[in-house]
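The values are calculated or read from the model by the stated rules, or taken from the named source; none is laboratory data. Predicted model, so just to flag it, every value in this text is computed and none were measured. Reconstructed Cβ throughout: ideal geometry from the backbone, glycine too, with neighbour counts over all protein chains shown. Accessible surface is based on the protein model in full, side chains and every heavy atom, while ligands, DNA and RNA are left aside. Shrake-Rupley method; radii C 1.70, N 1.55, O 1.52, S 1.80 Å.
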2 protein chains.
Amino acid sequence: MNTDAKKLVLRMIPYGIYVLTADDGAGNVAAATVNFVTQTSFVPPLIAVGVKADSGAYAVVKGAGRFALNMLGKSGKGSAFTFFRPADVADGKVSGHAFHPGANGAPLLEAAIGAVECTVRTIVAEGDHHIVVAEVTEAHLPAAPAGRPQAARLVRKALGATVFTGR
Amino acid sequence: MNTDAKKLVLRMIPYGIYVLTADDGAGNVAAATVNFVTQTSFVPPLIAVGVKADSGAYAVVKGAGRFALNMLGKSGKGSAFTFFRPADVADGKVSGHAFHPGANGAPLLEAAIGAVECTVRTIVAEGDHHIVVAEVTEAHLPAAPAGRPQAARLVRKALGATVFTGR
């Protein structure tokens, strides 16, 4: 395989920046930056999320069977870096960020420009990130975005050239 | 569920435009525009593609067990619309577009700015689009893009506000 071409061609796929959160109700809370996300079905609304298989967040999501995907806006660059680190909950905040629990218990970040709550349907345990396939059960949009929703979001390139790129 | 919020929040996920191609070696050729795509693993390199479950392209990809994902560049808007229709092969072209077969037999479009060849690993048969999880086995980059690879690609919004958006 032409590995240089593989790296460059795969980088043509655009990505957003999201914070995946979950709370298993037994004291384990996840809040991790992810970027491998796509919707996969309209009816029912399904998404697929690639989650690093050896991460704490993956273990919590798998155990809880439900999670939230928080969308970061253009001002969310700092938040993206915060959630590269393992999550900690203190003073009612997760990794220093205010939140409130969603209907499924997952933390909804106050800083997010939108969020979907999801129930895990299937996990494909292949690769260094496993594929969590989940149904969207609720959605939150604190303020309607002006113009196209895509224009409001933080995109991967805003984090710099070395973040989240293929090897 | 707040369905209006669901629609808008899911539209915050960015998408590229791709032509999924396959040839099962038995006379069935697929070439269809898709946009539900994400990488899901670095090692091995895996991608997940949502493919409309009742489409001819899905049947061919499933039967062939291998396919190519052709990346459309900024000048590929017309190609995107062409491949919304079922593919036909005539005069050595697929739906009027010149191609050559990849190592796995899948048509590589001359008009593409890059392509990856893939072998299907798993299919998650859930939703109106099924999730084809596949390993990248080869990659083609006719000309190295100037700047970030993402900047060269055609994005969904270029097709207009009503194309490929959630319901």
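The residues of the stretch B:1-14 that are touching a residue at least 40 places away in the same chain (Cβ under 8 Å) and either at the interface with chain A (Cβ under 7 Å from one of its Cβ atoms) or surrounded by 23 or more Cβ atoms within 10 Å (Cβ to Cβ) (or both), listed by number, are B:K6, B:L10, B:R11, B:P14. In the set (1) part of a loop (DSSP other than H, G, I, E, B); (2) touching a helix residue (DSSP H, G or I) at 6+ places or on another chain (Cβ under 9 Å), the condition left unmet by B:A22 is number (1). Exactly one residue out of B:G27, B:G56, B:G92, B:G16 is over 21 Å from A:L20 (Cα atoms) and under 13 Å from the mean Cα position of the chain (by Cα), and it is B:G16.
Is the stretch B:36-55 home to any residue that is in contact (Cβ under 8 Å) with a residue 12 or more places away in the chain, under 29 Å from A:T119 (Cβ atoms), open to solvent by 10 Å² or more (accessible area, probe 1.4 Å) and outside any loop (DSSP other than H, G, I, E, B)? Among the residues of the stretch B:36-55, at least one is in contact (Cβ under 8 Å) with a residue 12 or more places away in the chain, under 29 Å from A:T119 (Cβ atoms), open to solvent by 10 Å² or more (accessible area, probe 1.4 Å) and outside any loop (DSSP other than H, G, I, E, B), which makes the answer yes. Evaluating B:R85 against the criteria (1) of a type outside the set (S, T, N, Q); (2) over 17 Å from A:I13 (Cβ atoms); (3) at pLDDT 95 or above leaves one unmet condition, (3).
For the condition crowded, with 23+ Cβ neighbours inside 10 Å and assigned to a strand (DSSP E or B), B:A134 qualifies.
Those residues that are open to solvent by 10 Å² or more (accessible area, probe 1.4 Å) and of a type outside the set (S, T, Y), I need them from the stretch A:15-33; list them, please. Those that are open to solvent by 10 Å² or more (accessible area, probe 1.4 Å) and of a type outside the set (S, T, Y): A:D23, A:D24, A:G25, A:A26, A:G27, A:N28, A:V29, A:A32.
Collect the residues in the stretch A:24-65 that are of a type in the set (D, E, K, R) and within 14 Å of chain B (Cβ to nearest Cβ), keeping them in residue-number order. Residues satisfying the conditions are A:K52, A:D54.
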